[in-house]
Amino acid sequence: MEPDRSALPPSLYAGTAVPAPATPPLAGDRRVAVAVVGAGYTGLSAALHLAEQGIEVAVLEAEEPGWGASGRNGGQVNPGLKDDPDTVETKHGPDLGGRMVAMSYAAADLVFDLIARHGIACDAMRSGTIRAAYAARDVPAIRASFAQGARRGMPVELLEGARLHEATGTDRYVVAMLDRRGGQLDPLAYARGLAAAAMRAGAGVHGGTRVTRLSRDGAAWRLETPRGTVRAETVILATNGYTGDLWPGLRRSVVPVFSAITASEPMPAALARTVMPGRASLYEVGRITVYLRVDAAGRLLIGGRSVQREVQGPAELRYLSDYAVRLWPAAASLRWTHGWAGRLAVTTDHYPHLHEPAPGLLAALGYNGRGVAMATTMGRQLARRAAGTPAEALDMPVSPIRPIPLHRFWRVGVEARIVTGRLRDRLGI
């Protein structure tokens, strides 16, 4: 049975994305080479890359493809990791660190290549990503990011003064870095397109199929669901911010954080020409990140850390729409039509984590707000490992699962950090 579109969490994308492909629930028993739990970008990318190699793979999704953060995020395709290249190479060494830098900055290339190769209709625009600073304290960090990228021959530009105003349409920012490899897309449409591409390549994708138990069954793994079972040589756990307790400690190794987005009605043509005129996506450097873009229909989308729960409409996100007016006073006339939230996963070191806690069991999660590009490329890394690539040849380290101490207090800690961060941002300290 095709998933019910009305069952999707509320968002702009739920009403505008291309229809979902039919992903009927698993019925009966199957045996495959690889079973993937979770049909977000990580799981779908892994399934697509495996299926393209002729490896039999089944994806088991509790809801439908893109139901989680993959279908609700800000739609920004951001190259790179949170740490600058020099820091990555210092922490992980010139060999692995260099490969991590190359992989993460090429992650946007992978996204746009998949979109082009598989004809995914998701309003993709390779319009660049702007990393912007409005406080003097953050100017050295922007300049350092630019210098390190330029030294490596990356297509980055430093924007200041008139050029920065021309790119953004606001005087809020003092310096920024433009990376032309980045861009934007409709995230739910992209997830649905990945699912359709994986299915065309031969993967089975089963929506409405929650995995209730994972256990060893001789030389294979056994995944139990309400209406059937799957036996697989290899299992990939790709559940990110919605990770449960299928494997001990995995849920407690990340902090689930809600991020919220509000979207306006399509802007009048005159206003649309002055708000992010080049249509680059933008994220701010601050204690609490704000991110924004103008989509293909001319809507302004602005997001940031939220109350730690679901959001039901734009009235709950006035702090974001008010901030948009601070950036562009003419936006005061806009009507805000949508507001929603979703849960992403944050790691304590702000790197994505790749785990192999048992033979034939893989997991990747923790994209720290950079999931469109990073989850897609981590899915390819998982596929490489599942297909037999040695762990040491991957472009991310395989690390042990480390549960976070006092994890049960995550909600209180996150809410306190958001309040403190917003206050420090407001005071410029």
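Bear in mind these aren't lab numbers, they're just calculated from the coordinates by the rules spelled out. Keep in mind it's a predicted model, so treat the numbers as computed, not measured. Here Cβ is always computed from backbone atoms with ideal geometry, including for glycine, and neighbour counts include all displayed protein chains.
Summary of computed values
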{"read-out": "Local electrostatic count at F258 - Lys and Arg +1, Asp and Glu -1, tallied over other residues with Cβ under 9 Å", "value": "+2"}
{"read-out": "Fewest-first sequence of L334, L158, L300, L50 by Cβ atoms within 10 Å of each Cβ", "value": "L158, L334, L300, L50"}
{"read-out": "Rounded FRET efficiency, nearest 0.05, which uses the C-beta distance separating Q53 from R210 and R0 of 22 Å", "value": "0.20"}
{"read-out": "Extended-chain gain in nm, criterion 0.36 nm per residue less alpha-carbon gap, A102 and T389", "value": "101.5 nm"}
{"read-out": "FRET efficiency, 1/(1 + (r/R0)^6) with R0 41 Å, evaluated for A22 and E160 via beta carbons", "value": "0.20"}
{"read-out": "For the chain, the Rg and Dmax computed from alpha carbons only, in angstrom", "value": "20.8, 66"}
{"read-out": "Rule-of-thumb Rg ratio for the range 199-276 [Cα; 2.2 N^0.38 Å; N residues]", "value": "1.78"}
{"read-out": "Normalised alpha carbon radius of gyration of the range 245-386 [divisor 2.2 N^0.38 Å]", "value": "1.25"}
{"read-out": "I401, I236, I130 arranged by Cβ crowding within 10 Å, fewest neighbours leading", "value": "I401, I130, I236"}
{"read-out": "Neighbour-count order for M374, M199, fewest beta carbons within 10 angstrom listed first", "value": "M199, M374"}
{"read-out": "GNM flexibility winner over the chain from D395, D295, D29 (Cα, springs under 10 Å)", "value": "D29"}
{"read-out": "Within-13-Å neighbourhood charge of V311 [Cβ basis; K, R +1; D, E -1]", "value": "+3"}
{"read-out": "Rg(Cα) / (2.2 N^0.38 Å) computed for the range 316-408, rounded to two decimals", "value": "1.57"}
{"read-out": "Span-rule helices in the chain, defined as complete DSSP H runs reaching 27 Å or more along the axis (Cα) with Kyte mean at least -1.0", "value": "none"}
